[in-house]
1. From the set of residues in the range 241-279 that are β-branched (V, I, T) and open to solvent by less than 50 Å² (accessible area, probe 1.4 Å), which is farthest from A182 (Cα to Cα)?
2. Does S315 satisfy being at pLDDT 90 or above, of a type in the set (S, T, N, Q) and closer than 22 Å to E185 by Cβ?
3. If you take just the strands (runs of 3 or more DSSP E) that sit entirely in the range 1-57, which of them hold at least 1 residues that are open to solvent by 60 Å² or more (accessible area, probe 1.4 Å), over 30 Å from G372 (Cβ atoms) and at pLDDT below 85?
4. Within the range 318-370, can you find the residues that are among the hydroxyl-bearing types (S, T, Y) and open to solvent by less than 30 Å² (accessible area, probe 1.4 Å)?
5. Within the range 1-45, restricting attention to residues that are of a type in the set (V, I, T) and within 18 Å of I118 (Cβ to Cβ), which residue is nearest to the chain's Cα centre (by Cα)?
6. Here is a list: R281, R335. Which entry is within 25 Å of S170 (Cα to Cα), touching a Cys at 6+ places or on another chain (Cβ under 8 Å) and not small (G, A, S)?
7. What pairs come out if I take residues in the range 240-253 that are outside any strand (DSSP E or B) and pair them with residues that are open to solvent by 10 Å² or more (accessible area, probe 1.4 Å) whose C-beta lies under 7 Å away, six or more apart or interchain?
8. Of everything in the range 205-231, what is over 28 Å from P270 (Cβ atoms) and either in contact with a His (Cβ under 6 Å, 6 or more places away or on another chain) or assigned to a strand (DSSP E or B) (or both)? Give them in sequence order.
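The values are calculated or read from the model by the stated rules, or taken from the named source; none is laboratory data. Predicted, not measured: the structure shown is a model, and the values here were computed from it. Counting neighbours? That spans all protein chains shown, and the Cβs are built from the backbone with ideal geometry, glycine included. Please note that ligands, DNA and RNA were not included when accessible areas were found on the heavy atoms of the full protein model with its side chains. Shrake-Rupley method; radii C 1.70, N 1.55, O 1.52, S 1.80 Å.
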Amino acid sequence: PSYFSGYLLGTLIDVKQDSLTIRIGKRELAVPLDKIQLLEVARGRTSNMSNGLIFGAIAGGLGVGLVAAISESGNQGEWSILSPGVAFAGGVVFGGLLGGVAGAVIGSGIQSQRWVSIPLEGLTPGDREIPRQPTPDTMSEEKPVSTMSGEKPVSAEKKNDEQVSRWSISFYVGTTSAGPAAGIERAMRRDGFDETSHSFFSGNPVEHPFSKTGFGEIGAPWSVDVKYSVNPTFDAALLVSYNPIGMTSGYHKDPDVYMNLNYYCTMIAPMVIIKLPGIVRLGIGPGLFFDKIEQEHVASIIYQEQKSKLGMVLSASLMYPQESVFFVKVEAQYRYVSKASYGPIMGAYSPTGPAKLNSFEADFSHAFMGVGIGIRL
């Protein structure tokens, strides 16, 4: 550390009794042997298929399992088939198989250097032994060795910036938590849309209101982010996300009125991403949210109200591998949105009658969990 903070990657061109000379781009740098803490030599290239298989299976299994469990936990009434625990177990098996295959395919196309550690003790150029005589007392007083061109040594940060693309794009799909479902159900109970009806399929009674939220209920939530690597510690990103969160159904018996409300959230958020050691990334940033509630009747939209609100996004993600063109990404986000009032909403069959959902407050804050792939440009 007293000589150089970081590591150097280059081609060995000369070995002397007290130093190694390496070429870094067009520069040549002599590094004293007593300053070297670790020496590794590249011994060909190796595939990352096994690493991709393992990471893909874990990421896919946990991701799909959580998506399935969260999605099933939002179902009630006659559409509720599986418990969240069973849905999670099934998602882990299916997602693990799918993610493992995808990770193995991606990993097989990613070649990386196979580095072998070389012991520094007894290091020899040819048949000559190179003595290593560290001088701790004088290490802090020595100056870094200049290159032949008179420039300073290339830092590890600059090396990484030159070799790894600064731009990347990620696309992932997932599921969301229930968002405004609880608030809409409270409003329906308040205004009489909490009657029991009979199922069209089984004839069994169906209690209202009930909600169906998560992946596949009224669509698939997805996100796209574009990132720029500012330095080895921070990324700047722009996140765009479209989230069909779910639907809530209520029933008013007298007059005989069903009310089905769908709700969506579209988000644009600039983010600051902190790159922790390894594959973990944490992010934070303000968000602009476009929250929408619509009333659906016989496959037609008869009411729609959208409001734009400011909020905040917190994210945590896993990215693997770190220095390849393609990578797999698991993303978890919490999106805070300030509350807003919606309504009143008239019943479909009685636009002037008593079956009306009066104004209510909706909270679109929600969590998102997704799995996807990315590419470095």
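1. Here is the first cut: in the range 241-279, the residues β-branched (V, I, T) are 245, 248, 257, 266, 268, 272-274, 279.
Restricting the remaining residues to those that are open to solvent by less than 50 Å² (accessible area, probe 1.4 Å) gives 245, 248, 257, 266, 273, 279.
Numbers: I245: 12, T248: 9, V257: 20, T266: 19, I273: 32, I279: 36 Å.
Here the answer is I279.
2. Values: at pLDDT 90 or above: yes; of a type in the set (S, T, N, Q): yes; closer than 22 Å to E185 by Cβ: no.
Taking the combined requirement at face value, the residue does not satisfy it.
3. Numbers: elements: 11-15, 19-24, 27-32, 40-47.
Hits in the range 1-57: 40-47.
4. First, pick out the residues of the range 318-370 that are among the hydroxyl-bearing types (S, T, Y): 320, 324, 334, 336, 338, 341-342, 349-350, 352, 359, 365.
Correct list: S324, Y342, S350, S365.
5. Residues of the range 1-45 that are of a type in the set (V, I, T), as a first pass: 11, 13, 15, 21-22, 24, 31, 36, 41.
With the extra rule that they be within 18 Å of I118 (Cβ to Cβ), the set shrinks to 11, 13, 15, 21-22, 31, 36, 41.
Numbers: T11: 36, I13: 43, V15: 46, T21: 42, I22: 39, V31: 41, I36: 38, V41: 34 Å.
Applying the filter and picking the extreme gives V41.
6. Every option except R335 fails the conditions.
7. Short answer, once both residue conditions are applied: K253/E195.
8. The answer is P205, V206, E207, F210, S211, K212.
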